[in-house]
Amino acid sequence: MDYLSIKSLYVEYVHNKQITPALKDVCLSLPFGCTGVIIGPSGCGKSTLLNVLAGLNQSYQGTVLINGKPPRDSDRTALILQDYGLLPWKTVWDNVRLGLKIKGFSKPEIDLKTEKIFHRLGLLHLRKRYPAQLSGGQRQRVAIARSLVLEPELLLMDEPFSSLDALTREEMQDFLIELWQETKLTILIITHNIEEAVFLGQKIFIMSACPGTIIQELPNPLAGEYTARGKVEFLEMSGSLRSCLRGVK
Ligand SMILES: Nc1ncnc2c1ncn2[C@@H]1O[C@H](COP(=O)(O)OP(=O)(O)OP(=O)(O)O)[C@@H](O)[C@H]1O
């Protein structure tokens, strides 16, 4: 069974009595433990789709199931946004603990889980700092730690590395693949970056212009291969994805 299954999804926004359809007839599926990337023109409805999957937008038509349950009943989903969503007045340590506190874990449990994830993500030396005292890559690591500490099954990421410089971005892509190989999370990522899509997505979903729908799904055997970036196949895959995107209307 697919872990993530979307059929005939339709979403519209109503503003001043004017209706703007954002998504129409979206169909998408992702097996458990698979990585998917969504790529498409600006304003085509990518964030709208992630908001529906995260349970933040429940005014949709169609079928959306995460492990057989609608998003509002699924408590194993984490959403990571481009701006990291960290609380500036809390230390890195407290930012990561917050979700566990809200979920009602005991203090010793919170300490143990937080310590473990800080260790795993190499963040222990930064525990007393505030978000403003971190680099972009470090902030994104903290945002990932804050999600992973809750042991999600589905990780949704909305352009997670777009504000990072090229090298840090590659480091974070490698880091994400390492985490994925270790945890076998199901991951769905939005990106505007073609090479990132080819490096991260076992399935690449191409969206049309607004109202967005999936117009093509490319299976990608190169995803997660550290050595793939320089290979001819990688460049060919990036080239064909680029051509598909140029043809998007
Ligand atoms: N609250 C809202 N009210 C009205 N229209 C909206 C609202 N939010 C988004 N839209 C419209 O819905 C469409 C899809 O928006 P969305 O943010 O999902 O696109 P996107 O693909 O994530 O964009 P980008 O790539 O630029 O981040 C756009 O045309 C946008 O203008």
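The values are calculated or read from the model by the stated rules, or taken from the named source; none is laboratory data. Fair warning: this is a prediction, and the values are worked out from it, not measured in the lab. Neighbour counts are summed over all protein chains in view; Cβ atoms, including those assigned to glycine, are modelled from backbone coordinates with ideal geometry.
I need the full set of residues from the stretch 205-221 which are surrounded by fewer than 17 Cβ atoms within 10 Å (Cβ to Cβ) and not β-branched (Val, Ile, Thr), in order please.
Ala209, Gln216, Glu217, Pro219, Pro221
Residue by residue through the stretch 222-249, note down the ones that are at pLDDT below 85 and surrounded by 12 or more Cβ atoms within 10 Å (Cβ to Cβ). Passing the criteria: only Val248. The residues on offer are Phe161, Phe199, and the sole one that is at pLDDT below 95 and in contact with a helix residue (DSSP H, G or I) (Cβ under 6 Å, 6 or more places away or on another chain) is Phe161. Of all residue pairs spaced 6 or more apart or on separate chains, none has beta-carbon atoms under 6 Å together with a first member in the stretch 227-249 that is closer than 14 Å to Glu196 by Cα and assigned by the TED database to the domain that holds Ile204 and a second member that is among the aromatic types (Phe, Trp, Tyr) and not in a helix (DSSP H, G or I). The set of residues in the stretch 1-42 being in a loop (DSSP other than H, G, I, E, B) and near the ligand (Cβ under 10 Å from one of its atoms) consists of Asn16, Gly40, Pro41, Ser42. In the stretch 2-15 there is at least one residue matching the filter, namely being in contact with a Cys (Cβ under 8 Å, 6 or more places away or on another chain) and among the aliphatic types (A, V, I, L, M).
Scan the stretch 172-215 for residues that are free of Cβ contacts under 8 Å to residues at least 60 places away in the same chain, away from the ligand (no atom under 16 Å from the Cβ) and either part of a strand (DSSP E or B) or not assigned by the TED database to the domain that holds Leu53 (or both) and the total you get is 0.
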